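Taking it in order: structure first as structure tokens, then the write-up.
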Amino acid sequence: AASAATMLLRLGLRARPDSPGWAALMRPVQQTLVGAAAGYGVLVLVYPAVFAHPDRLLAAVRSSSEYPWVYAIRTAGIDMPMPPPPAYLPLWFGAQTPLVVLLLASVALVAAAVLLVRQVRGISDARSAVLTTGLVLVAIQALLLPTAAIVLRSVLYDAQRQVLSVVPALAVLAAAGAWLLARRVRGWARPVLWIVVVAGMVAPTVGQIRLFPFGYTWFNAAAEVRSFNGNWTTDYWRTSSRKAVTLLPSTGPES
């Protein structure tokens with residue numbers, strides 16, 4: 001909804017109904033409406049008990065943001081109570097997102113900010129305006145919900161599970177960042193860039209395969225500089241319970 005509203009606002013600032021390019025500007029509006037309707041239709045088919053009843057959907061969002069979970073989550077060696085402090089989500093995303101994704105997504109976010117400033121100052125061309133709009137829309141998808149959760153002091157237990165919807169947007173930003181860098185670098189720097197990107201994606205993928213089914217306990221190299229044992233809440237889904245039960249004695253307080 002925020003992405004659609006932002007795009008429509010940008011279109012509205014660019015032209016008026018009596019301008020020559022108005023008909024061309026209406027095409028993205030039509031595509032947005034068709035895309036939103038198609039997407040919502042798929043959601044209704046997949047989960048009709050919720051999405052066929054918008055009032056239940058809104059109630060679910062409200063109850064999730066106000067979930068009465070009062071325990072603490074060990075984050076970077078600190079037991080953070082609920083609702084957590086502002087550093088909670090940045091620390092978890094910084095520790096559990098592949099470093100190459102973080103770096104490339106940051107490049108795209110900086111580029112979006114620079115392009116937006118250039119466009120506001122009227123020193124960008126039409127192609128840059130399209131790129132700016134695309135980057136800004138994806139940036140909204142990546143940053144809006146986490147920012148709202150921090151500002152509204154929502155309960156965010158078990159790492160970043162309530163805002164995992166931003167991960168695809170981070171992936172798109174990372175792809176955009178790689179593309180932006182590839183356009184800038186020349187000569188030997190370009191193959192080096194792609195080697196770094198590929199290695200940065202293959203390494204965490206192998207790590208996830210080795211961890212299965214404990215993939216949610218994966219941490220990147222920066223977080224592993226300091227041991228995550230005792231510093232991060234990891235097995236919060238208790239996937240290891242079945243194995244742990246076999247190690248319990250048959251009698252005594254542990255049983």
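The values are calculated or read from the model by the stated rules, or taken from the named source; none is laboratory data. Quantities reported herein were computed from a predicted structural model and do not represent experimental measurements. Cβ: placed from backbone, ideal geometry, glycine included. Neighbour counts: every protein chain shown. Please note that ligands, DNA and RNA were not included when accessible areas were found on the heavy atoms of the full protein model with its side chains. Shrake-Rupley method; radii C 1.70, N 1.55, O 1.52, S 1.80 Å.
Scan the stretch 232-248 for residues that are more than 22 Å from A72 (Cβ to Cβ) and loosely packed, with under 10 Cβ neighbours inside 10 Å and report the count.
Kept after step one, since they are more than 22 Å from A72 (Cβ to Cβ), are these residues of the stretch 232-248: 242-243, 245-248.
This time we only want the ones that are loosely packed, with under 10 Cβ neighbours inside 10 Å, so: 242-243, 245-247.
The qualifying residues number 5.
Just a yes or no: is a residue in the stretch 214-229 within 19 Å of A76 (Cα to Cα), open to solvent by 70 Å² or more (accessible area, probe 1.4 Å) and β-branched (V, I, T)?
yes
Quick one: count up the residues across the stretch 83-97 that are over 12 Å from the mean Cα position of the chain (by Cα) and open to solvent by less than 30 Å² (accessible area, probe 1.4 Å).
Start the filter on the stretch 83-97 by keeping residues that are over 12 Å from the mean Cα position of the chain (by Cα), which leaves 83-88, 91, 95.
Checking the rest, the ones that are also open to solvent by less than 30 Å² (accessible area, probe 1.4 Å) come to 84, 88, 95.
Counting residues in the stretch 83-97 that are over 12 Å from the mean Cα position of the chain (by Cα) and open to solvent by less than 30 Å² (accessible area, probe 1.4 Å) gives 3.
For the stretch 115-166, which positions are more than 30 Å from Y71 (Cα to Cα), open to solvent by less than 50 Å² (accessible area, probe 1.4 Å) and over 17 Å from the mean Cα position of the chain (by Cα)?
Of everything in the stretch 115-166, those that are more than 30 Å from Y71 (Cα to Cα), open to solvent by less than 50 Å² (accessible area, probe 1.4 Å) and over 17 Å from the mean Cα position of the chain (by Cα) turn out to be L115, Q119, S124, S128, A129, L131, T132, T133.
Quick test of your reading of the structure: D79 fulfils all but one of (1) in a helix (DSSP H, G or I); (2) of a type in the set (D, E); (3) under 30 Å from G230 (Cα atoms). Name the failing condition by number.
(1)
Yes/no per residue for (1) within 24 Å of L9 (Cα to Cα); (2) open to solvent by 70 Å² or more (accessible area, probe 1.4 Å):
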{"residue": "Q30", "(1), (2)": "yes, yes"}
{"residue": "L33", "(1), (2)": "yes, yes"}
{"residue": "A36", "(1), (2)": "yes, no"}
{"residue": "V44", "(1), (2)": "no, no"}
{"residue": "P48", "(1), (2)": "no, no"}
{"residue": "L57", "(1), (2)": "no, no"}
{"residue": "A60", "(1), (2)": "no, no"}
{"residue": "S63", "(1), (2)": "no, no"}
{"residue": "W69", "(1), (2)": "no, no"}
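Please specify each residue of the stretch 167-186 satisfying the condition of being open to solvent by less than 60 Å² (accessible area, probe 1.4 Å) and over 20 Å from the mean Cα position of the chain (by Cα).
L181, A182, V185
Check L91, L58 and return the single one that is within 20 Å of S165 (Cβ to Cβ) and at pLDDT 85 or above. It would help to see each step written out before you state the result.
Numbers: L58 fails: at pLDDT 85 or above.
From the options L91, L58, the qualifying one is L91.
Quick check on my filter: what residues within the stretch 216-255 are small (G, A, S), under 24 Å from V101 (Cα atoms) and outside any loop (DSSP other than H, G, I, E, B)? Spell out how you get there, then give the answer.
Going through the stretch 216-255, the residues small (G, A, S) turn out to be 221-223, 227, 230, 240-241, 244, 250, 252, 255.
Those still in the list that are under 24 Å from V101 (Cα atoms) too: 221-223, 227.
The answer is A221, A222, A223.
Go through the stretch 169-188 and give me each residue that's in contact with a helix residue (DSSP H, G or I) (Cβ under 9 Å, 6 or more places away or on another chain) and over 21 Å from A221 (Cα atoms).
Step one: list which residues in the stretch 169-188 are in contact with a helix residue (DSSP H, G or I) (Cβ under 9 Å, 6 or more places away or on another chain), which gives 169-182, 185.
A169, V172, A176, W179, L180, L181, A182, V185, listed by residue number.
Is it fair to say T251 is open to solvent by 60 Å² or more (accessible area, probe 1.4 Å) and over 24 Å from the mean Cα position of the chain (by Cα)?
Numbers: open to solvent by 60 Å² or more (accessible area, probe 1.4 Å): yes; over 24 Å from the mean Cα position of the chain (by Cα): yes.
In short, yes.
Here is a list: V50, V46, V70. Which entry is within 19 Å of R161 (Cβ to Cβ) and free of Cβ contacts under 8 Å to residues at least 12 places away in the same chain? Lay out the reasoning, then the answer.
On the way: V46 fails: within 19 Å of R161 (Cβ to Cβ); V70 fails: free of Cβ contacts under 8 Å to residues at least 12 places away in the same chain.
Answer to the check: V50.
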